[in-house]
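Down below is the structure, laid out as structure tokens.
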Amino acid sequence: MKSAFTLSLGLALATLLTGGDLFAADKAAKKKPAAPVESFSPVAKYDLNKNGILEPNEIALIEKDAALMAKFDKNNDGKIDEGERSSMQDTLKKPDGLSKKKK
């Protein structure tokens, strides 16, 4: 009887000391680590060498994508909808594609 009381008291004390969750350490160990913050950055895909700094060649890629968006996003909603996508595909299929016309 005394050992059951001691066991119950020990479990109650352990519960109080761990904040009510006896298996918190196990849960923390099984938790997956969070992804690095950089991977959520909208410009992370342009950082080709993954050094955290956008080099001139990487900035040029951003400018190129922005120019394409401006050219094909006719309704200026920041998205390429189905009609705009069709127009873009037609343009890209042409032999001269996106090249600038020579004067």
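Among the residues of the stretch 52-98, write down those that are assigned to a helix (DSSP H, G or I) and of a type in the set (Asp, Glu). Steps first, please.
Taking the stretch 52-98 and keeping what is assigned to a helix (DSSP H, G or I), we get 56-72, 82-93.
Matches in the stretch 52-98: Glu58, Glu63, Asp65, Glu82, Glu84, Asp90.
Based on what the data block shows, is Asp47 at pLDDT 60 or above, of a type outside the set (Phe, Trp, Tyr) and out of contact with any Ser or Thr (no Cβ under 9 Å at 6 or more places or on another chain)?
Values: at pLDDT 60 or above: yes; of a type outside the set (Phe, Trp, Tyr): yes; out of contact with any Ser or Thr (no Cβ under 9 Å at 6 or more places or on another chain): no.
Judged against the criteria, Asp47 is not a match.
Scan the stretch 42-51 for residues that are of a type outside the set (Gly, Ala, Ser) and part of a helix (DSSP H, G or I) and report the count. Break it down stepwise before answering.
To start, the set of residues in the stretch 42-51 that are of a type outside the set (Gly, Ala, Ser) comprises 42-43, 45-51.
Checking the rest, the ones that are also part of a helix (DSSP H, G or I) come to 45-46.
Of the residues in the stretch 42-51, 2 are of a type outside the set (Gly, Ala, Ser) and part of a helix (DSSP H, G or I).
Return the pair list, or none, for Cβ contacts closer than 6 Å from residues in the stretch 61-87 that are free of Cβ contacts under 8 Å to residues at least 24 places away in the same chain to residues that are exposed (fewer than 14 other Cβ atoms within 10 Å of the Cβ) and not acidic (Asp, Glu), at least 6 apart or on different chains.
Going by the 6 Å Cβ cut-off, the qualifying pairs are Glu84/Lys74.
Filter the stretch 64-100 down to residues that are surrounded by fewer than 10 Cβ atoms within 10 Å (Cβ to Cβ) and acidic (Asp, Glu), then give me how many there are.
Going through the stretch 64-100 one residue at a time, the tally reaches 4.
The values are calculated or read from the model by the stated rules, or taken from the named source; none is laboratory data. Remember, it's a predicted structure, so these values are computed and weren't measured experimentally. Cβ coordinates were reconstructed from backbone atoms using ideal geometry, including for glycine residues, and neighbour counts include every protein chain displayed.
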